[in-house]
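The values are calculated or read from the model by the stated rules, or taken from the named source; none is laboratory data. Small disclaimer: the values here were computed from a predicted structure and weren't measured. So basically every Cβ, Gly included, is an ideal-geometry build from the backbone, and we count neighbours across all protein chains shown. For the accessible areas, the whole protein counts, side chains as well, though only heavy atoms, and no ligand, DNA or RNA atoms are used. Shrake-Rupley method; radii C 1.70, N 1.55, O 1.52, S 1.80 Å.
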Amino acid sequence: MDSIPANRRLWNRISDAYQHEHDPQIGAAPRLWGMYSIPDAQLNALGDVTGKRVLELGCGAGQWSRALAAEGANVVGLDLSEAQLAAAAGAMGAARYPLVQAAAEQLPFAANSFDLVFCDFGGLSWAAPHLAVPQAARVLGRGGRLVFNVASPWFEACYDEAAGRVTTTLRQDYFGLNTIAEGDGATSYQLTYGDWVKVLRGAGLVIDDLVEPRPEPATLNGYNETDPPDWAHRWPAELLWVTHKP
Ligand SMILES: C[S@@+](CC[C@H](N)C(=O)[O-])C[C@H]1O[C@@H](n2cnc3c(N)ncnc32)[C@H](O)[C@@H]1O
């Protein structure tokens, strides 16, 4: 909860530069997951969204929300940062969808408002999962799905702060990851595999799949340098959880 104001300030400050650098990759085509832009058609995580009530938690400039609205979903894009929401508003396509400013830890929606809640390095990377996952579960209807992509603990544990890249040497304790300081109180969150299972099951969700996106060796990572360059072809860089509310 303490990270909400600091995360808002961080994303307001970096939004322009972030979109300048990453929007061409994120928005290059509809439904691209994560740091390696792997198509959902390959990972089969999201399914058909036509006519579904969909919430994107931490939508940023709305590249995903825009694509799903164009497919006929009733999308709401939620984000903490007004600068990110302004980017989403500016990039909205012909299929309009509402944007809401709020924290994933405090969702301003009634129970049973959505059929799908999802994010890609969004609210479940930047909000405390023990608060945000129960909120996501609350706003889902029965049979509704929570699908989200986050960095893997392998990737974070092998991040070499001094060199500014991910290597093959363990640097951070696996059990000590938990929160990652992003400067001036801003925080991102990183759970162990066991803690993700506990948090998801504790919120009453059923885990249907844990997809481990695996890029081809030459695929560019637009965010982090890795050594070797094909790191993510050899070890899992991301966790794509697929769950539902029974
Ligand atoms: C890496 S972006 C994810 C959006 C998009 N998928 C992308 O890759 O750019 C992270 C987003 O999470 C938002 N965010 C940070 N903390 C949040 C919170 N507590 N609740 C909701 N959104 C948050 C940020 O403002 C930012 O837009």
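A few comments on the model shown:
- Counted residues, region 92-138 - those being in a loop (DSSP other than H, G, I, E, B) and under 20 Å from ARG8 (Cβ atoms): 13
- Residue match in region 65-82 (condition: away from the ligand (no atom under 11 Å from the Cβ), open to solvent by less than 30 Å² (accessible area, probe 1.4 Å), assigned to a strand (DSSP E or B) and closer than 24 Å to ALA132 by Cα): yes
- Sole exception among (1) within 18 Å of ALA151 (Cα to Cα); (2) within 11 Å of the ligand (Cβ to nearest atom) for PRO5, by number: (1)
- Filtered residues of region 116-151 (kept if more than 15 Å from the ligand (Cβ to nearest atom), of a type outside the set (A, V, I, L, M, F, W, C) and buried (at least 20 other Cβ atoms within 10 Å of the Cβ)): GLY144, ARG145
- Residue count for region 28-51, restricted to those that are touching a helix residue (DSSP H, G or I) at 6+ places or on another chain (Cβ under 8 Å) and within 18 Å of GLY123 (Cα to Cα): 5
- When residues of region 1-27 are limited to those that are touching a helix residue (DSSP H, G or I) at 6+ places or on another chain (Cβ under 9 Å) and of a type in the set (Gly, Ala, Ser), the one surrounded by the fewest Cβ atoms within 10 Å (Cβ to Cβ): GLY27
- Residue count, region 86-113 (criterion: within 15 Å of the ligand (Cβ to nearest atom), under 29 Å from LEU205 (Cα atoms) and hydrophobic (A, V, I, L, M, F, W, C)): 7
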